[in-house]
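Shown next, in structure tokens, is the structure this report addresses.
Just so it is clear, none of the values below were taken in a lab; they were calculated from the coordinates. None of the values given here were measured: they were computed from a predicted structure. Because the Cβ atoms are built from the backbone with ideal geometry, glycine has one as well, and the counts that use them run over all protein chains shown.
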Amino acid sequence: MDESGYEKRLAEEGEVWGRVAAAEAEVIAPDWRFHRTLRHNAIMHTADIDNFLAGIQPGMTALEVGCGSGWLTLAMAQRGADAHGIDISRGAIRIARDYYDSVRDTVSGRASYEVADLNRITLPPQKYDVVVGKGVLHHLSEVGHLLDQIYCALKPGGLLWLADTNGHEALPTVLLASVLTFVLPTEISYRDKLKGLLRFGWRAPERIKASMQAEGLSPFEAAGREHDWLAMIQERFIIERRIDMPAVTGYVTAQLKMPERPARLLLKSLARVDRFLVRRGLLHNTGVVIYARKPGREMTDT
Ligand SMILES: C[S@@+](CC[C@H](N)C(=O)[O-])C[C@H]1O[C@@H](n2cnc3c(N)ncnc32)[C@H](O)[C@@H]1O
């Protein structure tokens, strides 16, 4: 892709995520204390993120790559860290800064935010105890460049925490997601689902796969799926812990249209079965949480 094509796509990427952040901020403040109770987070992410945050201590230096509206950067600052968030979206960063300004008196640490392109960024050497990224690697065309920069920016023994998708959805996973979203109530009426099935026939799972991979949502949505970032991390860091996310629960959670209480009960049970099937190798998940360490003599206490 030539330079002007890249810049144009990147500008669109920033605008898309600015709109997402603005729509979200209309409903809920960009603050983990509130976000952690949202249905999607409660089912899929809250335990893992709370667990990660428990290791953040006052005085730590932290960087978030792809911080969006800044809630995770802020959460680290709320635990006393000096936390910096980087994102390409001017709109999202504006929301992050405005919200931080409105609560900064209550924050024991410090948060700062910056608009920059992670595909081309140069980070300061050995500055951070912790670097985090949630849902950003699969949007990058130069994952290797960013991982090299993160390696350089971490102090020896520093922690890299990543939650992201790695690879493509496998057929059994797509088929199960197709069946579940067909059977369970979603935004789409049963009549329209049936019409879709008759119209697309054997191509219907392909459409579900595209939907699971959020194809077309943003110009770089699939760019990073072509890189095996897990292998790239293994080449550079010591992987201390890997948590495999459920394979279909996240997608079903996003689609399900049901009153809150029964929905949560159903989704929690589904998540348990889903994790079991993933552990047994019967379902293939793409969502992974990684705790990786930069090798070094002084292991920081995270
Ligand atoms: C799926 S969102 C995740 C946002 C946030 N981490 C969260 O979990 O709410 C991906 C984020 O990556 C950012 N992003 C995508 N490409 C980027 C790039 N080249 N440089 C910096 N940020 C980028 C987007 O603007 C967006 O905010």
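Rounding to the nearest 10 and keeping the result within 0 to 90°, find how far the Cα-based axis of helix 171-183 lies from the longest principal axis of the chain.
Around 60 degrees separate the two axes.
Taking the chain as a Gaussian network, Cα atoms linked when under 10 Å apart, which of 60, 212, 232 shows the biggest mean-square fluctuation?
232
Semi-axes, largest first, in whole Å: what does sqrt of 5 times each Cα gyration tensor eigenvalue give for the chain?
That gives 32, 21, 21 Å for the three semi-axes.
Relative contact order of the chain: what whole-number percent is it, with Cα pairs under 8 angstrom and at least 6 residues apart?
Rounded, it is 20 percent for the chain.
So what is the 222 nm mean residue ellipticity for the chain from helices alone, if each DSSP H run of at least 4 adds -39500 (n - 2.57) and you divide by all residues, rounding to the nearest 500 deg cm²/dmol?
After summing the helix terms and dividing by the residues of the chain, the value is -14500 deg cm²/dmol.
With both bridge residues required to lie in the chain, what share of the DSSP beta bridges run antiparallel, to the nearest 5%?
Counting only bridges with both partners in the chain, antiparallel ones make up about 40 percent.
Within the chain, what is the longest stretch that has no trypsin sites (Lys or Arg not before Pro) placed in a DSSP loop and near at most 13 other beta-carbon atoms within 10 Å?
In short, 121-256.
Less than 14 Å Cβ to Cβ from residue 16, Lys/Arg counted +1 and Asp/Glu -1: what total charge do the surrounding residues give?
-3
Points 7 angstrom from Cα along the Cβ direction at residue 114 and residue 243: gap in nanometres?
Going from the residue 114 label point to the residue 243 one covers 2.8 nm.
Any lysines with Cα under 16 Å of the residue 209 Cα? List them, leaving off those in the same chain fewer than 8 positions away.
List returned: 193.
With the crude spin-label approximation of a point 7 Å out along Cα→Cβ, what separation in nm comes out for residue 122 versus residue 40?
My value for the distance between the label points is 3.6 nm.
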